[in-house]
Amino acid sequence: MKRRHTFLVSMLAFGFAFFYIPILSMIVYSFNESRLASVWGGFSTKWYVSLFSNKQVIDALMLSLEIAFVSACVATILGTMAGIALARFTKFRGRLLFSGLVTAPLIMPEVITGISSLMFFIMMAQWIGWPEQRGFSTVTLSHITFSMVFVTTIVQARMLQSDRAIEEAAMDLGSKPWEVMRDVTVPVIFPAIMSGWLLAFTISLDDVVITSFTTGPGSTTLPLLIWSKVKLGVTPDINALATLMVSTVAVGVAIAGVVMNRAERRRQLDEQMAFRANG
Amino acid sequence: MDRKRLALWFDRKGWSDILILAPYVWLLLFFLLPFIIVVGMSVGTKTPTAPPISFGGDYPLINLQGYVRTVADSLYFRAFITSLVSAGIATVLCLLIGYPMALGLTRVSRSWRNILLMLVILPFWTSFLLRVYAWMGLMGKSSWFNAGLTSLWNDIVPASWAVEFVPMMHSNFAVVLVMVYTYLPFMILPLYASLERLDPTLDEAALDLGSKPWQVFLDVTLPQSIPGIIAGGMLVFIPAAGELVIPTLVGDASSPMIGRVISDQFSAARDWPMASAIAVVLLVLMVGPAVLYSHFQAKAEGSK
Amino acid sequence: MAAAEPFLRIENISKSFGTFQAVRNVSLNVEKGEIFSLLGGSGCGKTTLLRMLAGFEEPSGGKIYLDGRDMTGVAPWDRPVHMMFQSYALFPHMTVEKNIGYGLKHEKLSPQQKADRVREMLELVQLVPYATRKPHQISGGQRQRVALARALARQPKLLLLDEPLAALDKKLRERTQFELMAIQARTGVTFIVVTHDQEEAMTLSDRIAVMDKGEVKQVGSPGDIYEFPNSRFVADFIGSITSFPATILARSEAQLRLSVPALGGDVVARDVPGLSEGQDATVSIRPEKLHISRDRPEGANAFPGKVKDLAYFGKDSLYRVVLSSGALVQAHAVNASRGGEASRAPGWDDQVWISFDPASAIVLAE
């Protein structure tokens, strides 16, 4: 039955306006000639030029990408292992604590994770002399810890949906359990693992609070750089930087969307063809 | 152990042990241990050494001053109240805006739905910091948005109430507004997930039995979406209550929120025991109910 | 007032979705207290018709009158028509009794009266001990009865049942069929059943409307539809049948003589009005109307053949006989006797004669 949902549709329109007006405004003002962020002084791309010639920004971006890449890879491996373990082994000693440890970082306020990591690193330096200095390694370690649980959540959910019979079939055909995992389980859940990696990468790239606690002198990531500038107020070069970051993500998401849509349509088409061939 | 026995062990049991132990040990070492250190610190005593903490000394081994002060010292107590109230209001507003949006998403055509869902998720992939920053631009004294609101206000109120600009920045209002803005997707997505699962024939059954659409909503849709409401509520409330970035950038410095207090006590005042005690209390207040809820949820699922 | 107004009158109803015509110009009359089935394959429009009766779809054209009242524009919640959904659509968060009592919320009854009505319904479907269970705590058959009780609780004028037995296993289905009929007889509510299962429609219904491609092909009692189909579609859809192309040779004395090349001879059948000599037609015959014998029987309509295939079911057997023309016929034979060589039923590759009564042949002008 076709019913009109005037109220719901207008709420959707309101919601999306709320989501996107601030971002659009930021994008428009990134092309503002005036140094005063809120006064329109004509069109200009000078803030983009100054952004690209700013070595500090480029260095911070590179550091952020390095940390995000390394931590996403390690977090994906560890998180996938935990997700498979929790989905497949329903009984082992300490499972309750394990599943608690996997959920806790998801809901832990970031400030607490931040100071606890920092205290941990300081105390470790006292007790065993490591880490001598905080920086790349400590930030990466803390990023791995809190992003791996997101991978676990995704992988675990996917595992619970997948059909156990295909794993049993592989075992029945002579594969050892770890071979089953390598040949069947991981390939089947691979899309989930990839989206886990992407999520871990984004979370790491975006983090301010935990990084601000666990970093050391000389290791300024891009969010930390933005953080220190933004605390002083609105500036046009941050508008330009924000525009670049938002459009990168938007283009990325749009491409991903188109690719997935194609794959989905292709799959539907294949199914239809197969159905016709049978019929 | 020779290689053959090693291989046998690996095939039978070893692979699963490694699968479990690697992430387990990692989390114990880098998540649980740091947290235990925080709990330990919370009963220590502040000293002017480096690190600025000791146990014993003037006080007995366990010093509960930090916990006493979280309740007794009005600064901390007020910070807790400010945080909980702001996060609570933000959660309710997210629910009021997010619920109709999520319900609307389940009612639009499939092709529109995918695009709109993508638009809900998109802000989530862009920098959190920059989303807060975007509102700083809008709320500032001389922005087009503020100017528009100001002239709107001046048009509808008597001349004596006229203002030069709407004082939005550096207020609790700004904190709540930006919280709603940044956390709204966390409310919409679980709500959408639980609403989308509902069987539309249940709505038809209720209509068929004589209920008008709004009664169907109250009797059928709302009760079945309660798990989604609770999940979304927790995803908004818990991080919002411990929020540090938003109050620092747009909040009122004279009534700080608890995340800010923890950070200040730790870095500026170098009072580790105090910062740790507040962190522990915050965690018990936030995560305690969440753990209890998921425990009962699991039990209810189990009894099905 | 003219001839008594039927209880439910469906008048030239059509429904299209975009360019797809789901229901085309359907007119039906249903009497009070009937069990009326809409029978057809998937996509024949039966469910759309049902949803228009419930008010979930607005017809693109035509009108529905229930008990003399025009139902156009009446919202689903205002119709004295309730539905038993194929998926049952029980509210998962409510107990069995809350589900059954849900519709009563909208009746002006005292709490005591409502409780009594729920109790009465629970007794009707024999679910009293399960009143406080949730839907996921009872079996599929019990859920079906809850759905029935819920739809009946408000004493509707019309009860719509969408594939009421499809979700049940075979044994339960047979038992439930009789229960449904008993409950209908007890309550006197008019039932409209949508089904794709011809056996279900035959046992359950007083009358059946056979639908195809959005149109009603034939309306009649189960016996009418089985024995006197008015089209190839209905004949093929209900039960099994063997059909052959034929040409009418002569009409005389209320009899038709047709040439049927596939049978290798002429067939004598009862006269059908509206046919003329020389016209092409179809002769169809149901397997149980064919006699199979080793010797040539007396009378007309006897043809020789050879047993190609034989399925023995115990009480009866199904033969597939290949005729001299190469055509195949199916014949059902009741294994009425047991004994010596003389009465032994024909076996594989035996030469046999098949024959049928002139009254048994169905002649269709298609």
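Sort A:M194, C:M94 so the one with the fewest other Cβ atoms within 10 Å of its own Cβ comes first.
Numbers: A:M194 12, C:M94 18.
By the 10 Å Cβ count, ascending, the order reads A:M194, C:M94.
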Per-selection metrics, the stretch C:8-237 (Cα): Rg and Dmax in Å: 17.7, 56
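In cubic angstrom, how much convex hull volume per residue do the alpha carbon atoms of the stretch B:180-304 span?
Details: hull volume 16.7 nm³, N = 125.
About 133 Å³ per residue, rounded to a whole number.
Near A:F213, within a Cβ-to-Cβ distance under 11 Å, what is the net charge of the other residues, with Lys and Arg +1 and Asp and Glu -1?
On the way: positive: A:R134; negative: A:E110, A:D207.
Counting the neighbours of A:F213, the net charge comes to -1.
Could you work out the Rg to Rh ratio of chain A, with Rh taken as the Kirkwood radius (inverse of the mean 1/r over all Cα pairs)?
On the way: Rg = 23.8 Å, Rh = 22.6 Å.
Rg/Rh for chain A comes to 1.05.
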FRET E, pair B:D17, A:L232, Förster distance 41 Å, beta-carbon r, rounded to 0.05: 0.20
Fluctuation leader among C:N301, C:N29, C:N335 - chain C, Gaussian network, Cα springs under 10 angstrom: C:N335
Computed Kirkwood radius, in angstrom, where 1/r is averaged over Cα pairs of the stretch B:90-256: 18.2 Å
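Treat every Asp and Glu Cβ in chain A as -1 and every Lys and Arg Cβ as +1, leave all other atoms uncharged, and give the resulting dipole magnitude about the Cα centre to the nearest 20 debye. If you can, show how the numbers build up before the last one.
On the way: 22 positive and 17 negative charges, 144 e Å.
Dipole magnitude for chain A comes out near 700 debye.
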Principal-axis tilt of helix C:111-124 within chain C, Cα atoms, nearest 10 degrees: 20 degrees
Amide H contacts of C:Q255 (H built 1.01 Å from N, under 5 Å, at least 5 apart or other chain): C:D271
Dipole axis of the protein assembly as shown (+1 Lys, Arg; -1 Asp, Glu on Cβ), positive-most option in C:L249, B:S267, A:V230: B:S267
DSSP bridge orientation in chain C - percent antiparallel, rounded to nearest 5: 75 percent
Cα pair distances in chain B, grouped into 20 Å bins until the bin that holds the longest one, percent each: 23, 46, 27, 4, 0
In degrees, nearest ten, helix C:140-152 long axis to first principal axis of chain C (Cα): 60 degrees
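Where nothing but the Cβ of Lys and Arg (+1) and of Asp and Glu (-1) is charged, how large is the charge dipole of the stretch B:90-256 around its Cα centre, in debye to the nearest 20?
Details: 7 positive and 10 negative charges, 69 e Å.
My answer is approximately 340 debye.
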Anchor C:K15: lysines whose Cα lies under 20 Å away (excluding residues fewer than 8 positions away in-chain): A:K2, C:K46, C:K63, C:K213, C:K217
Centroid-to-centroid separation of the stretch B:33-56 and the stretch A:65-94 [C-alpha atoms, Å]: 31 Å
A:I255 paired with B:A72, simple spin-label distance in nm, labels 7 Å along Cα-to-beta-carbon: 6.1 nm
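Find, among the GluC sites (Glu not before Pro) in the stretch A:128-177, those assigned to loop by DSSP (not H, G, I, E, B) with at most 14 other beta-carbon atoms within 10 angstrom. Could you put the intermediate results ahead of the total?
Numbers: sites: A:E132, A:E167, A:E168; in loops: A:E132.
When the GluC sites (Glu not before Pro) of the stretch A:128-177 are filtered for loop state and at most 14 Cβ neighbours within 10 Å, A:E132 remain.
Please compute the Kirkwood hydrodynamic radius over the stretch A:20-134, one decimal place, Å, based on all pairs of different Cα atoms.
Numbers: mean 1/r = 0.0517 Å⁻¹.
Answer for the stretch A:20-134: a Kirkwood hydrodynamic radius of 19.3 Å.
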J(HN,Hα) series, the stretch C:289-306, from Karplus relation 6.51 cos²θ - 1.76 cosθ + 1.60, nearest Hz, glycine and proline x: 8, 8, 9, 10, 8, 7, 9, 5, x, 5, x, 7, 6, 10, 9, x, x, 10
Other-chain or far-sequence residues with amide H under 5 Å of C:V23's (modelled H): C:K15
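Taking K and R as +1 and D and E as -1, what net charge do the other residues with C-beta under 14 Å from the C-beta of B:P52 add up to? Show your work: numbers first, answer last.
On the way: positive: B:K46, B:R270; negative: B:D271.
Result for the local shell: +1.
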Chain C - mean residue ellipticity at 222 nm from DSSP helices (-39,500 (n - 2.57) per run, n ≥ 4, rounded to 500): -6500 deg cm²/dmol
Mean Kyte hydropathy of 1.0 or more with a Cα span along the axis of at least 24 Å, helices from DSSP in chain A: A:6-29, A:55-88, A:110-128, A:136-161, A:186-206
Distant alpha-carbon pairs in the protein assembly as shown (separation over 35 angstrom), percent: 67 percent
Cβ crowding within 10 Å averaged over residues, with B:82-92, B:107-117, C:82-92, A:17-27 ranked highest first: C:82-92, B:82-92, A:17-27, B:107-117
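Where Lys and Arg each count +1 and Asp and Glu each count -1, what net charge lies around B:I18 among other residues with Cβ under 15 Å from its Cβ? Numbers along the way, then the final one.
Values: positive: A:R88, A:K176, A:R182, B:R12, B:K13; negative: A:E179, B:D11, B:D17.
It works out to a net charge of +2.
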Sum of -39500 (n - 2.57) over DSSP H runs of 4+, divided by residues of chain A (222 nm, nearest 500): -26000 deg cm²/dmol
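Pick out the long, greasy-scoring helices in chain B: whole DSSP H runs spanning 24 Å or more along their own axis by Cα, mean Kyte-Doolittle at least 0.5. Could the numbers behind the result be given before it?
On the way: long enough: B:74-107 (49 Å, 1.38); B:172-196 (34 Å, 1.51); B:272-303 (45 Å, 1.11).
Taking the DSSP H segments of chain B (at least 24 Å long, mean hydropathy at least 0.5), we get B:74-107, B:172-196, B:272-303.
Dipole magnitude of the protein assembly as shown about its Cα centre, charges +1 at Lys/Arg Cβ and -1 at Asp/Glu Cβ only, in debye to the nearest 20?
Working: 85 positive and 78 negative charges, 285 e Å.
I would put it at about 1360 debye.
We did not get these values from a lab; they are worked out from the coordinates using the rules stated. For clarity, every value in this text was computed on a predicted model and none was experimentally measured. Note: ideal-geometry Cβ built from the backbone for every residue, glycine included; neighbour counts use all protein chains shown.
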